[in-house]
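Here's the structure we're looking at; comments come further down.
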Amino acid sequence: MPNRHLAGIRTGTLLLMLAVTGCSAITHSAVGTLDYITPTDAGVLIQNPVTKGCHTLGPAGAKTVANNTLNDIVLYEGADCRQPQGTPTVYLATQLSDRIVPGYPPWRSFSFVGV
């Protein structure tokens, strides 16, 4: 009897994972949240952001970003996913966070990697 119960749980888990993956592929959204703190210490939460294109981080930008999605992102100082010449972008892998170095400008936009 316990084996049948365990098999049911595994089947249910598999179906749930397939449903989440399927919905994400259809809508082209990253599963999870992107949390950031503005230079004025306001917290912002973006849920299941669309993976295509460039996304702005509000008018003030972000001094801290936590990528709690299933996709890696790149952070930019420019509002249009551009970086000033000679300035490196910041790669932020899934489930990691980063903050700007004091005295540097905030990040103003981000894009997803490889989607």
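If you check ALA79 against the conditions, is it without any contact (Cβ under 8 Å) to a residue 60 or more places away in the chain, outside any strand (DSSP E or B) and among the hydrophobic types (A, V, I, L, M, F, W, C)? Step through it out loud before you land on a result.
On the way: without any contact (Cβ under 8 Å) to a residue 60 or more places away in the chain: yes; outside any strand (DSSP E or B): yes; among the hydrophobic types (A, V, I, L, M, F, W, C): yes.
Answer is yes for this residue.
For residues in the stretch 28-73 being surrounded by 12 or more Cβ atoms within 10 Å (Cβ to Cβ) and hydroxyl-bearing (Ser, Thr, Tyr), which is modelled with the lowest pLDDT?
Per the criteria, the residue is SER29.
Scan SER97, SER24 and give me the residue that is buried (at least 16 other Cβ atoms within 10 Å of the Cβ) and either closer than 21 Å to GLY114 by Cα or at pLDDT below 90 (or both). Before the answer, list the steps.
Details: SER97 fails: buried (at least 16 other Cβ atoms within 10 Å of the Cβ).
Among SER97, SER24, only SER24 is buried (at least 16 other Cβ atoms within 10 Å of the Cβ) and either closer than 21 Å to GLY114 by Cα or at pLDDT below 90 (or both).
Mind checking which residues of the stretch 37-65 are part of a strand (DSSP E or B) and in contact with a Pro (Cβ under 9 Å, 6 or more places away or on another chain)? Quick ask: steps written out before the conclusion?
Looking only at the stretch 37-65, we keep the residues that are part of a strand (DSSP E or B), and these are 37, 43-47, 50, 54-56, 62, 64-65.
Residues satisfying the conditions are HIS55, ALA62.
Restricting to the stretch 91-115, name every residue that is under 19 Å from VAL44 (Cα atoms) and either in a strand (DSSP E or B) or of a type in the set (Asp, Glu) (or both).
Hits for the stretch 91-115 are LEU92, LEU96, SER97, ASP98, ARG99, TRP107, SER109, PHE110, SER111, PHE112.
The values are calculated or read from the model by the stated rules, or taken from the named source; none is laboratory data. Because the structure is predicted, anything quoted here is derived from the model rather than measured. Note that each Cβ is placed from the backbone with ideal geometry, even for glycine, and that neighbours are counted across all protein chains shown.
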